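Heads up: the structure comes next, in structure tokens.
The values are calculated or read from the model by the stated rules, or taken from the named source; none is laboratory data. A quick note: this is a predicted structure, and the numbers were derived from the prediction, not measured. Neighbour counts are summed over all protein chains in view; Cβ atoms, including those assigned to glycine, are modelled from backbone coordinates with ideal geometry.
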């Protein structure tokens, strides 16, 4: 038993050999498969990764701080009023000129009746003023002839002349009252027209801010409507990349909602200031407590086409997150 253990230990101390009876310890590293194969795989992967990076990132500016954007219109009232009817709701499509809101116009109808009555009264006063003016004109002509023949005194002549001037002034006042009454009718009619609120664009209702029965102030939003006939991508790029951005450069757009679709576009507008300038509290570094932060500048990218004209383009909704890759070679 002891002899077997000694023989096993001796065999373990003998140098291992290859198939050519060459000791493994004497074989160079470049001939060892367990070294060469992993090293070759690492080199191939490194070269492939470097080539992929060069093809996909070299000369490109990328950003995921981007989203679909469109013109948004706030549908609001021009006058104070109570909402009598809402003809659309959120997600409804609307067309230019379509009625969206009707305000209660009962008070304005009463004001219109009052304004028209005042207009009629002013018009009737013109007839009366004309009659008085004509009579005063005849009286003055007779008084003038009588004064020339010394039939009446100078005082009576002056009274006739003053009466003529007063009648003419009353006629002018009556005419001005008619103009004022017509203007008041026009004001009330304009307010009645403002009780019907229409859509200024073709689009879709994104948000409803009031309900039927609510009293809205002037300029208070009732609906938010997006004009989806013209959409684009707004991307906020770091200021360190702006020297490579030019108008008209090609852009690849990937929408998070459609990961399998790639859209194309072009840069058509570069911002003239950083996004921070329009924040609620713009940065002010005059205090001396300064921390440098890389700023971002917004650019606008047109969406030229959808993949093969497929349906996803019609469902590019404002606010959707996208990733852009700009060819800045």
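Screening 116, 142, 168 for residues that are at pLDDT below 90, in contact with a helix residue (DSSP H, G or I) (Cβ under 7 Å, 6 or more places away or on another chain) and surrounded by fewer than 17 Cβ atoms within 10 Å (Cβ to Cβ) leaves exactly one candidate, 168. Restricting attention to region 299-320, the residues that are within 12 Å of residue 232 (Cα to Cα), modelled with pLDDT of 75 or more and outside any loop (DSSP other than H, G, I, E, B) add up to 6. When restricted to residues that are out of contact with any helix residue (DSSP H, G or I) (no Cβ under 8 Å at 6 or more places or on another chain) and over 30 Å from residue 95 (Cα atoms), region 171-201 contains 4. Where strands (runs of 3 or more DSSP E) fall entirely within region 214-277, those with at least 2 residues that are within 30 Å of residue 88 (Cβ to Cβ) are at 221-238, 258-270.
No other residue among 56, 7, 71 is at pLDDT below 80 and within 30 Å of residue 316 (Cα to Cα) apart from 56.
Residues in region 183-199 that are touching a strand residue (DSSP E or B) at 6+ places or on another chain (Cβ under 7 Å) and either part of a helix (DSSP H, G or I) or surrounded by 15 or more Cβ atoms within 10 Å (Cβ to Cβ) (or both): 195, 197, 199.
Residues that are without any contact (Cβ under 8 Å) to a residue 12 or more places away in the chain and more than 46 Å from the chain's Cα centre (by Cα) were ranked within region 160-203; the one that is farthest from residue 102 (Cα to Cα) is 162. Evaluate the following for residue 121: is it more than 30 Å from residue 78 (Cα to Cα) and at pLDDT 80 or above? The answer is yes for residue 121.
Here's the yes/no breakdown for (1) closer than 30 Å to residue 233 by Cα; (2) part of a helix (DSSP H, G or I); (3) outside the structural domain of residue 198 (by TED's automatic domain parsing):
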residue	(1), (2), (3)
78	no, no, no
84	no, no, no
89	yes, no, no
108	no, yes, no
121	no, yes, no
134	no, yes, no
141	no, yes, no
